[in-house]
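What follows is a single structure, written as structure tokens, with notes after it.
Please treat every number below as a calculation from the coordinates, not as lab data. This structure is a prediction, so every number in the text was calculated from the model and none was measured. Cβ: placed from backbone, ideal geometry, glycine included. Neighbour counts: every protein chain shown.
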Ligand SMILES: [Mg+2]
């Protein structure tokens, strides 16, 4: 193990390169759907930072415009800057994009760069990222997440039952695009997975307040659903609070995947509006942003659940004291397995970072990624 001071020394960021890959969805049934969105592809924006022959990588899922944003707004801030303190660079990047637009695309670009800087530092120190972070767990329990509203009954039940067969004791399906279809879908899922596994649902903000209260009671009473994510828009803090107070006691209300800033999380934690907070490390300011959210959740006595991006979330959320679980999301699992070597597979219902590999333990599979490139150029 190299001495930390020597390994980091006065090293500075030599270069930054940014890429985006748009990967079509794998469904045979046309566009995938949830309560409020249709999509036929998933775009990963990938950032690499280089120092002294070592490379760190980070990513976010969004539009390729986040790649352009990282390239024009953020790369100039970190090029030539010391690699020793990602939070110091996080602060400088945040200041730089005040007028360019910090929440949304700006926060996603910043998250990808921040993750790359942490990965770089860990690799320079020859440490797995989980050991560089203030970790309090060595693995992260997962729940299987997919069950899109356009799936055929067969695909829906097979996908969720497969996760249960792999030892994952919690599964989530999308609901509420066509609420009248949900009883049939939930009955089929419950029959396929049996009584044991925990059922989670996600409306992606599709319902009005009274509709959401009606479905919250039915989901819980008829199919023993224990988690109702974004029953109403996560911007409707009062609606979330109402559902939390008046819905079934054993049905948790969850939101937070669209929180970009610490204040967004504070708004959800006030009241509180949710029973369990969610955070996406690739949207909330990367690992530096997530560490702030973890402190906020602990101070408000709320558990924090990881939204998606399993390859980075598995390391990052080991540092969340009030960790609940991680969303093992079908689309992201597929994209990460396609674009990276070194991804993790769940064992015993959890992802355990590989401590035998430095950083996130990921290597880009350039040859496989190239057909999907929509931004940047293959490194020579
Ligand atoms: Mg969701």
In nm, the gap between the two label points placed 7 Å beyond Cα toward Cβ at residue 65 and residue 137 is 3.4 nm
Shape call for segment 27-174, from the Cα gyration tensor axes a ≥ b ≥ c (a/c under 1.5 means rounded, otherwise prolate when a/b beats b/c, else oblate), comes out oblate
Burial-style ranking of 320-331, 193-204, average other-beta-carbon count within 10 Å with highest first, yields 320-331, 193-204
Contour minus Cα-Cα span, residue 155 to residue 222, at 0.36 nm per residue, comes to 21.9 nm
In degrees rounded to 10, the 0-90 angle between helix 237-246 Cα long axis and the longest Cα principal axis of the chain is 50 degrees
Heads up, segment 297-380 by the C-alpha gyration tensor (a ≥ b ≥ c square roots of eigenvalues; a/c under 1.5 rounded, else a/b over b/c prolate, else oblate) looks prolate
Simple SL model, points at 7 angstrom along Cα→Cβ for residue 341 and residue 235; separation in nm is 4.5 nm
Taking 128-135, 252-259 and ranking on average Cβ neighbours within 10 Å, highest first, one gets 252-259, 128-135
Helix 330-339 sits off the longest principal axis of the Cα atoms of the chain, rounded to the nearest 10 on a 0 to 90 degree scale, by 30 degrees
Contact order relative to length for the chain, counting C-alpha pairs under 8 Å separated by 6 or more residues, stands in percent at 20 percent
Two pseudo-spin positions, 7 Å from Cα along C-beta at residue 365 and at residue 245, lie apart in nanometres by 5.1 nm
Ranked by GNM mean-square fluctuation in the chain (Cα springs under 10 Å), the top entry among 19, 220, 301 is 301
Summing -39500 (n - 2.57) over every DSSP H run of at least 4 residues in the chain and dividing by its residue count gives a helix-only mean residue ellipticity at 222 nm, to the nearest 500 deg cm²/dmol, of -11000 deg cm²/dmol
To the nearest 10 degrees, the tilt of helix 209-223 (Cα long axis) against the first principal axis of the alpha carbons of the chain is 80 degrees
Residue span residue 92 to residue 198: 0.36 nm per residue of separation minus Cα-Cα distance leaves a gain in nm of 33.9 nm
Most exposed first, judged by fewest Cβ atoms within 10 angstrom, 315, 71 run 71, 315
Protection proxy (average C-beta count within 10 Å per residue), highest first, orders 287-298, 151-162 as 287-298, 151-162
Taking a ≥ b ≥ c as the square roots of the Cα gyration tensor eigenvalues, with a/c under 1.5 meaning rounded and otherwise prolate when a/b beats b/c or oblate if not, segment 124-272 comes out oblate
FRET efficiency for residue 15 and residue 270 from the Cβ-Cβ distance with R0 = 41 Å, rounded to 0.05, comes out at 0.45
Residues 303, 14, 138 in order from fewest to most other beta-carbon atoms within 10 Å are 138, 14, 303
Proxy exposure order for 118, 223 (fewest C-beta within 10 Å first) is 223, 118
